[in-house]
Every structure is written in structure tokens, then in C-alpha cells.
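Here is the structure we will look at, set down as C-alpha cells.
The values are calculated or read from the model by the stated rules, or taken from the named source; none is laboratory data. Remember, it's a predicted structure, so these values are computed and weren't measured experimentally. Please note: Cβ atoms are built from the backbone with ideal geometry, for glycine as well, and neighbour counts cover all protein chains shown. When the accessible area is computed, the model is the full protein with side chains, heavy atoms only, and any ligands, DNA or RNA have been set aside. Shrake-Rupley method; radii C 1.70, N 1.55, O 1.52, S 1.80 Å.
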Amino acid sequence: MKEALDKIKAAELKNEALQKKLQKDLQEYTEQKETELRLLQDSLKTKRQQKTDAAEKIAKAALKSEKETLLAAAKEEEATFTALYKERHEKVATFIIERVLETYGS
């Protein structure tokens, strides 16, 4: 009977040691996976930031190009309006002078 109790005690001690080892292994595994998760999160955050920066750069370039196009169009319109104003101003001034001369003589 004592022999059976000794075997049971030895088995219990072995089981306790195994349980402690398994808990330690589980803790190490958990820490490893948490570290891997943090690294993956950091990597994803970096990639997301890079994509955001690239998209922002593209948007800035598009806005700059559009701004330059609009400024060029505005300069063209201004030049056209200025030319039309000068042309019409000269015609109107000539017309007024002719009418004054016709009406009042020279």
C-alpha cells in the first residue's frame, strides 16, 4: 500500500511539474504572439502611413496642376478681355468723336 501511495505521490509531483512547465510554455508563447502582434500592427501602421502619404502627394500634385491650369486660363481670359476692351474703346471713342464732329462741326 505504501508503495502505491509513493507512486501516486510521485505521479502527482510529476503532474505538478508538468503543469508548471506547460504554464511557463503557455506564458512564453503568449508573450511571443503578443510581440508578433505588436510588430505586425507597427508594420501595418507604417504601410498605412506610407499609402496615406503617397495619396496625399498625388492629390497635392493634382491640385497644383489644376491650379496652374486655372491660372493659365485666367490669364488668357484677362488678355482676351483686355484686347476686346481696347478694341471696343477705340471704336466707341472714334464713333463719339465722329458724331460730335457731325453734330457741331469741326
Would you mind counting up the charge near Ala10? Only other residues with Cβ under 12 Å from its Cβ, with Lys and Arg at +1 and Asp and Glu at -1. -1
Any idea how many Lys pairs in the range 16-105 come in under 16 angstrom at the alpha carbon, given 8 or more places apart or on separate chains? 5
To the nearest 10 Å², what's Ser43's accessible area with a 1.4 Å probe? 50
Note on the range 1-93: alpha-carbon gyration tensor, axes a ≥ b ≥ c; rule is a/c under 1.5 for rounded, else prolate if a/b larger than b/c, else oblate; result prolate
How charged is the neighbourhood of Ala72? Take every other residue with its Cβ under 13 Å from the Cβ of Ala72, and add Lys/Arg as +1 and Asp/Glu as -1. -2
Among Ala59, Gln23, Gln49 - extreme Cα towards positive end, dipole of the range 1-59, charges at beta-carbon: Ala59
Please list 3J(HN,Hα) in residue order for the range 50-59, calculated via the Karplus relation 6.51 cos²θ - 1.76 cosθ + 1.60 where θ = phi - 60°; whole Hz, with x for glycine and proline. 5, 5, 5, 4, 5, 5, 5, 4, 5, 5
What distance in nm separates the two pseudo spin-label positions at Arg48 and Thr35, each 7 Å out from Cα along the beta-carbon direction? 2.4
Computed, not fitted: 222 nm per-residue ellipticity of the chain from DSSP H runs ≥ 4 (each -39500 (n - 2.57)), nearest 500, equal to -37500 deg cm²/dmol
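Hey, got the dipole for the chain? About the Cα centre, +1 on K and R Cβ, -1 on D and E Cβ, debye to the nearest 20?
Working: 22 positive and 21 negative charges, 138 e Å.
Its charge dipole is roughly 660 debye.
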Tell me, what HN-Hα J-couplings in whole Hz come from the Karplus equation 6.51 cos²θ - 1.76 cosθ + 1.60 at θ = phi - 60° for each residue of the range 34-46, using x for Gly and Pro? 5, 5, 4, 4, 4, 4, 5, 4, 4, 4, 5, 4, 5
